[in-house]
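The values are calculated or read from the model by the stated rules, or taken from the named source; none is laboratory data. Everything numeric here is computed off the predicted structure, so don't read it as measured data. Every residue, glycine among them, receives a Cβ derived from its backbone with ideal geometry; neighbour counts consider all protein chains shown.
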Amino acid sequence: MVSVLRKPAWLKVSDARSAEYLAVDRLLRQQQLSTVCSSALCPNRGGCWRDGTAAFMILGNLCTRNCAFCAVPSGKPAPVDHEEPARLVAAIAQLALRHVVITSVDRDDLADGGTGHFVACVQAIRAASLPHTPSIELLTPDFRGKEGALATLLACRPEVFNHNMETVARLYPQVRPAARYAYSLQVLAQAAASGLRCKSGIMLGLGESDDEVATLLQDLRSAGVTLLTIGQYLQPTRAQHPVVRYLPPEAFQTWRSHALSLGFQAVESHPLARSSFHARQLLTDAHP
């Protein structure tokens, strides 16, 4: 039987449901929209929703993959909802968002991996008569095996292209069995080569060594990534990969300093950092 580590005090967050939180929750339900905040059991959703922000998860809430770290359920997804882009725009307008993060489940069942729907969402946002057209950040799957899919997505020119590496190369077979470390790096490198600002996120505490983390950060810089998030892995339920260790807050500051020394332009690194947390601020902090 695997022992469960006690969560340290710095990882305990308030689950208070403010009026703003409840308003966002109600809006998302009305528009029949999913968020990675809820589906992935993000510890920051209370704070983000109190601030009136959310990371939208398109293409349903059932994933065709079953990563060991993720709480998003796997299964056979529903058909693509072509009304979703319009509902997404309505939610963005009501929340008055200045920066929009759009992610999705893996849709290996679709010929294009879902890239056409990503593009439809971007086009709908840019075509809408919003008081402020928000900057758009796409947090995407790897679209592995879908010829031409990534090129189609890059052509819509989001302000930020984000693809999470999640963990070090050695742990991919355990943590991301349907993904490949080298392929994910290739996705980021292709996006960077197209001239887009690239971002990635990693988790610590899955059993990686410091040397492996250092190699991962160097690989990300070599691929052209300039924005980075580093957070503590938290086991969503007992069905997911266990936490091997909890790193103290000062360790994340050390990794932040190291990442900046490698040339990353902006780094969000603390135990509760997640890929879409403070996304607009991270973009603002980056050099032009």
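Can you report the number of residues in region 210-268 which are among the charged types (D, E, K, R), over 29 Å from Glu159 (Cβ atoms) and within 20 Å of the chain's Cα centre (by Cα)?
Within region 210-268, residues that are among the charged types (D, E, K, R), over 29 Å from Glu159 (Cβ atoms) and within 20 Å of the chain's Cα centre (by Cα) number 0.
With farther than 25 Å from Pro242 by Cβ, over 16 Å from the mean Cα position of the chain (by Cα) and modelled with pLDDT of 95 or more as the only criterion, which of Val80, Val89 stands out?
Val80
Name every residue in region 247-270 that is acidic (Asp, Glu) and either outside any helix (DSSP H, G or I) or touching a helix residue (DSSP H, G or I) at 6+ places or on another chain (Cβ under 8 Å) (or both), in order of residue number.
Listed by number, the list holds a single entry, Glu268.
Any residue at all in region 224-232 that's surrounded by fewer than 21 Cβ atoms within 10 Å (Cβ to Cβ), of a type outside the set (Ser, Thr, Tyr) and modelled with pLDDT of 95 or more?
Within region 224-232, one or more residues are surrounded by fewer than 21 Cβ atoms within 10 Å (Cβ to Cβ), of a type outside the set (Ser, Thr, Tyr) and modelled with pLDDT of 95 or more.
Answer yes if at least one residue in region 45-65 is at pLDDT below 85, more than 27 Å from Gly205 (Cβ to Cβ) and not acidic (Asp, Glu), and no otherwise.
Scanning region 45-65 turns up at least one residue that is at pLDDT below 85, more than 27 Å from Gly205 (Cβ to Cβ) and not acidic (Asp, Glu).
Could you list, ordered by first residue, the pairs with Cβ atoms under 6 Å in which the first is in region 128-147 and free of Cβ contacts under 8 Å to residues at least 40 places away in the same chain and among the small types (Gly, Ala, Ser) and the second is surrounded by fewer than 24 Cβ atoms within 10 Å (Cβ to Cβ) and in a strand (DSSP E or B), at least 6 apart or interchain?
Close Cβ pairs (under 6 Å, with a partner that is surrounded by fewer than 24 Cβ atoms within 10 Å (Cβ to Cβ) and in a strand (DSSP E or B)) do not exist here.
All but one of (1) without any contact (Cβ under 8 Å) to a residue 40 or more places away in the chain; (2) outside any strand (DSSP E or B); (3) touching a strand residue (DSSP E or B) at 6+ places or on another chain (Cβ under 6 Å) hold for Ala93, so report the exception by its number.
(3)
Could you please let me know if Lys146 is surrounded by fewer than 20 Cβ atoms within 10 Å (Cβ to Cβ), basic (Lys, Arg) and either over 26 Å from Ala239 (Cβ atoms) or out of contact with any Lys or Arg (no Cβ under 8 Å at 6 or more places or on another chain) (or both)?
Here the answer is yes, as Lys146 does meet what is asked.
Of all residues in region 255-288 being of a type in the set (S, T, N, Q) and crowded, with 19+ Cβ neighbours inside 10 Å, which is modelled with the highest pLDDT?
The residue in question is Ser269.
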